[in-house]
Structures are given as structure tokens and as C-alpha cells.
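Working notes, structure below.
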Amino acid sequence: MKILMVCLGNICRSPLAHGILEKKIKENDIIAYVDSAGTGSWHAGEPPDHRSIETAANYGIDISQQKARQFTTNDFEEFDLIYVMDSSNYRDVSGKSIKPEHLLKVKLILNEIHPNENRSVPDPYYGGAAGFEKVYQMLDHATDLIVEKILKNEG
């Protein structure tokens, strides 16, 4: 299984989601690959925002080696699931799909917690540390549910 996390710049939300899920997959001995990308290219090649790195580190997760990249149409072929952080990311990613089956892979991550409510993970970029903590907690809960689903499907 291959899972991609997507936000706008790939420096705040998706690197956190990537790191959190990657840690949980390892802890549960799940064979899977996790990556992240952004819909925009502004930060390509850069590490995550220092506040994301610090927030993840507070929970024993090292995301400092991640490098931002832009989402491409090839990601539809490469990944089984594509979790986006908000409705704008959903529109941007879905708009790049070439085949109808691609759209079945794209999901709003908070729909794992609140099915069909299409809630967004707020972008903490312009806020302080508390915003990153809030995002971490949301993604931690959502990734717990993703891991539960994976384990049910493997069992």
C-alpha cells in the first residue's frame, strides 16, 4: 500500500501527516509507503516549516529530512490513497486526474474522523505554535483511524 498526504505547500500539514502515519505504520508492522506533496511548487526541495518539525519532535517523530515536492499526475498511478488536507487541495488534486478511477483515490483526511462532513485541516502557516499543535492532534486522530482501516483490511 502506498499513501500520499497533500496540502498546499508541503511544508506544514502534509509533512506532519506523513510523519505521523509513517511512525504508526512502523509501530504496527504494516508494509506500506507514505509520502507527501503540495499542490503548489513554491517550497519544492525545502524541508518542512520549523514549527512542523518542532511539533513532530515533541512526539518523537523526526520529519526534518523530508523535502517538499509538487503533486504530479503520476502520483495517481503511484499511490493507492491520496489524502488531502482541505477542499482547495481536493479541487486542485482532482483537477489533475485523467482517469475516473483516479478520483476514487482522493479523500479529505478529516472525513476519516467526521465522515462526509468535508472538514478542512486548518493551515497553521500564519499562526503560532498552538495552531501546529491543533493540526497535529487532528492528524494524529485521523491517522489512528487510517491505521485501523488498514489493519482490518489486512486481517
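The values are calculated or read from the model by the stated rules, or taken from the named source; none is laboratory data. Quick caveat: nothing in here was measured; it's all calculated off a predicted structure. So basically every Cβ, Gly included, is an ideal-geometry build from the backbone, and we count neighbours across all protein chains shown. The accessibility values were calculated without ligands, DNA or RNA, using every heavy atom of the protein model including side chains. Shrake-Rupley method; radii C 1.70, N 1.55, O 1.52, S 1.80 Å.
Here Ile11 qualifies as within 12 Å of the chain's Cα centre (by Cα) and either touching a residue at least 60 places away in the same chain (Cβ under 8 Å) or assigned to a loop (DSSP other than H, G, I, E, B) (or both). In this structure, Asp75 does not satisfy being acidic (Asp, Glu), exposed (fewer than 15 other Cβ atoms within 10 Å of the Cβ) and either free of Cβ contacts under 8 Å to residues at least 40 places away in the same chain or under 23 Å from Ala32 (Cβ atoms) (or both). Of the residues making up segment 43-72, those that are of a type in the set (Ser, Thr, Tyr), open to solvent by less than 50 Å² (accessible area, probe 1.4 Å) and in contact (Cβ under 8 Å) with a residue 40 or more places away in the chain number 2. Applying the condition of being over 13 Å from Arg13 (Cα atoms) and either in a loop (DSSP other than H, G, I, E, B) or among the charged types (D, E, K, R) (or both) to segment 33-42 and asking which residue is least open to solvent (accessible area, probe 1.4 Å) yields Gly40. Whenever a residue of segment 91-115 is closer than 12 Å to Leu81 by Cβ and without any contact (Cβ under 8 Å) to a residue 60 or more places away in the chain, its partners that are open to solvent by less than 70 Å² (accessible area, probe 1.4 Å) and polar (S, T, N, Q), lying with C-beta atoms within less than 6 angstrom and at least six residues away or across chains, give the pairs Val106/Ser94.
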